[in-house]
């Protein structure tokens, strides 16, 4: 009887037990300046941009560093490293379609073997040079301690080229350094050997030094795409969502102006084009960035199928 009574009391206690209250997080105070900044960031318009097509070409090594390590008739390790770093940084920006050009002849040879062909035309070509590169090692050694400091210094020159004329429209220099330090005290610590990663870090720092200028100059150039077909009242354009085009975007269809050779410079000059139509993006097609396209409806003007090759597409100016 006593056991049953104790069991009943225990069950009653469990039924009446309440979970321990959980601590309520106290929000950190927000200053008026922080609140204003957060509100401005929330209300900021989403930046709209269309990706330009950029090719990264050859990088030459104008220094004496690594001359004895050449493994290719056109590219040495230092120049190839600089080209790879530039292509990687541009790709990571998410603002460009990047195409390789250092091994163009090899790409064309492989396309011939595979029975395919065609090199994509680009809006700009970037070539460059490693104009300075050096390494140094310094250190101090005491009775029970020693230090060692390795430093790599690089300077690069980048040139942006208009592929239609071959004219260099921007030349910019960037410099960078990378260091590594090690030390020992009474036999404890690290005694680092030659650090080969400093080369890439110094080149990467040099290219980063000029990257903002390169990106700004590339995006200042007009964006263009082209008409693929005009069927059933719908216009098919090259480029889709991965290149920045979105449903509802309005674009202008322009008929090219005549190309006339300038007697002053000897270069071709394209006369201003004429807008023939406005189109609105309705949907996209294609599997990847390079092969995708957009389906558009005509909202103003008219398109002549016979002159598709003389048309191009731009962002409207108004």
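The values are calculated or read from the model by the stated rules, or taken from the named source; none is laboratory data. Computed from a predicted model, the values in this text were never measured in an experiment. Methodologically, a virtual Cβ is constructed for each residue, glycine included, from the backbone with ideal geometry; neighbour enumeration extends over all protein chains shown.
The rows are residues; the columns are (1) assigned by TED's automatic domain parsing to the domain that holds residue 305; (2) under 21 Å from residue 163 (Cα atoms); (3) in contact (Cβ under 8 Å) with a residue 40 or more places away in the chain; (4) within 23 Å of the chain's Cα centre (by Cα).
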{"position": "232", "(1), (2), (3), (4)": "yes, no, no, no"}
{"position": "235", "(1), (2), (3), (4)": "yes, no, yes, no"}
{"position": "239", "(1), (2), (3), (4)": "yes, yes, yes, yes"}
{"position": "250", "(1), (2), (3), (4)": "yes, no, yes, no"}
{"position": "259", "(1), (2), (3), (4)": "yes, yes, no, no"}
{"position": "265", "(1), (2), (3), (4)": "yes, yes, no, no"}
{"position": "268", "(1), (2), (3), (4)": "yes, yes, yes, no"}
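Picking from 156, 163, 210, which residue would you name as being at pLDDT below 90 and closer than 30 Å to residue 122 by Cβ?
Only one candidate passes the filter, namely 163.
Cβ contacts < 6 Å: first residue assigned by TED's automatic domain parsing to the domain that holds residue 250, restricted to segment 288-301; second residue assigned to a loop (DSSP other than H, G, I, E, B), any location; separation 6+ or different chain. Result?
Between residues of segment 288-301 that are assigned by TED's automatic domain parsing to the domain that holds residue 250 and residues that are assigned to a loop (DSSP other than H, G, I, E, B), the close pairs are 292/240; 292/286; 293/240; 293/286; 294/240; 294/245.
Please work out which one of (1) modelled with pLDDT under 60; (2) in a helix (DSSP H, G or I) is the condition residue 73 fails and give its number.
(2)
Kindly indicate whether residue 92 is at pLDDT 90 or above, more than 30 Å from residue 64 (Cα to Cα) and assigned by TED's automatic domain parsing to the domain that holds residue 208.
Yes; evaluated as a whole, the condition is true for this residue.
Which of (1) within 30 Å of residue 98 (Cβ to Cβ); (2) not in a strand (DSSP E or B) does residue 313 not meet, given it meets every other one?
Residue 313 satisfies every listed condition except (2).
Would you check which residues across segment 238-263 are modelled with pLDDT of 95 or more and part of a strand (DSSP E or B) and list them?
The answer is 250, 251, 252, 253, 254, 255.
Among the numbered criteria (1) assigned by TED's automatic domain parsing to the domain that holds residue 125; (2) exposed (fewer than 12 other Cβ atoms within 10 Å of the Cβ), which single criterion is violated by residue 306?
(1)
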